[in-house]
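The numbers here are math on the coordinates, done by the rules we state, and not lab data. Being a predicted model, the structure only gives us computed values, none of them experimental. Backbone-built Cβ (ideal geometry, glycine too); neighbour counts: all protein chains shown.
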Amino acid sequence: MNEIKPQEIRIGNYIDNYSMPFLAVTGRLLRAFDESKEYCKLYKPIPLTSEWLVKLGFVSDNDKYDPIYKKGHVSLMGSGIINDWILRHDSHGIVNIQYLHQLQNGFYMITGEELIIK
């Protein structure tokens, strides 16, 4: 089981708490993460899938074997491992990511904008 890393979470990130499909992190929840490692075990990161990318407004180039999803100057391409993506800005690969909150943080760092679920 994957565990939330508190240092990767910021207000507005989406995570899974086992009883809800996704939950947006609030300031109160973030403080709880900082105060208790045990509390973090009640939550898990949401794997990043092509379905999530579409919900967040990314558009696929429809390549069956190596799809690339784009939104503005930000793109994601599969790394060859299931639910492992290479986050890119223009044509420069930046980092491998596996979870929704990592995409939210990376997208915000690159663009200064939040990702909104459609």
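Of the helices (runs of 4 or more DSSP H) lying entirely inside the chain, those containing at least 3 residues that are over 14 Å from the mean Cα position of the chain (by Cα), of a type in the set (D, E, K, R) and loosely packed, with under 15 Cβ neighbours inside 10 Å are 27-35. Within the range 30-43, residues that are within 17 Å of S19 (Cβ to Cβ) have Cβ atoms under 9 Å from residues that are among the acidic types (D, E) in these pairs: C40/E3; K41/E3; Y43/E3; Y43/D16, counting only partners at least 6 apart in sequence or on another chain.
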